[in-house]
């Protein structure tokens, strides 16, 4: 309930005559009756009405507003601000094109893709991970578009080296892989491949594999002579243990040239 106005406030106040319908007047009288505290004097209708108005204006923030600011009108209150749309997820990072000097030294794209396909072979599984192939070829300095074009070429009629297949999983699985592999005519990401006619390895590749076999024999002899674990050899030579392990257990056919050079340098230093 609002306090009774004193003489000074009465001089500054403004009389506002308001006509009330019966239901509002009845409600106002109920509040007056509830506020009555015998034996003290009961509040008047005006005091109770003023108190209700103060409460309503306070809840709207009108009493704290500057004198020049218009009081907020409930019916025309501004709607809450529309939340900004969520930012789109970042696209997978694209490897920068290789410098011209490096590209001049690259092997033909066909050889690079075939080598990556062979490296993606897994024992007991005839399916090849196309996303792993794309990443491996990009890491050498080729563009994604070149890799896609060569993979599609290998799967076309008349070449028939590969069968490119969409993944059987749901669309929400392997999102990063789906964003980097080539797409079929219907736009479906081609996540897996299968050899249709596996090309024979070129003499250069066969020679590399022979060198890998020699390097593997040296590694086995060194570990037997020194008692070192595979992890110790990997740490000492600067090769990731998982990559070395996939090669030694036969999951990976050959080491990449960088790891091959690191292991050979380590064994040379050890006199193995």
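Residues of segment 21-57 that are surrounded by 12 or more Cβ atoms within 10 Å (Cβ to Cβ), more than 60 Å from the chain's Cα centre (by Cα) and modelled with pLDDT of 80 or more: 29, 44, 45, 46, 47.
Name the single residue that is farthest from residue 121 (Cα to Cα) among those in segment 218-239 being in a loop (DSSP other than H, G, I, E, B) and in contact (Cβ under 8 Å) with a residue 12 or more places away in the chain. Among those that are in a loop (DSSP other than H, G, I, E, B) and in contact (Cβ under 8 Å) with a residue 12 or more places away in the chain, it is 238. Where helices (runs of 4 or more DSSP H) fall wholly inside segment 115-216, the ranges with 3 or more residues that are surrounded by 17 or more Cβ atoms within 10 Å (Cβ to Cβ), modelled with pLDDT of 90 or more and under 27 Å from the mean Cα position of the chain (by Cα) are 130-139, 144-154. Within segment 217-264, being on the phi > 0 side of the Ramachandran plot and at pLDDT 90 or above holds for 227, 238.
The values are calculated or read from the model by the stated rules, or taken from the named source; none is laboratory data. For clarity, every value in this text was computed on a predicted model and none was experimentally measured. When we count neighbours, we look across all protein chains shown, and the Cβ atoms used for this are built from the backbone with ideal geometry, even at glycine.
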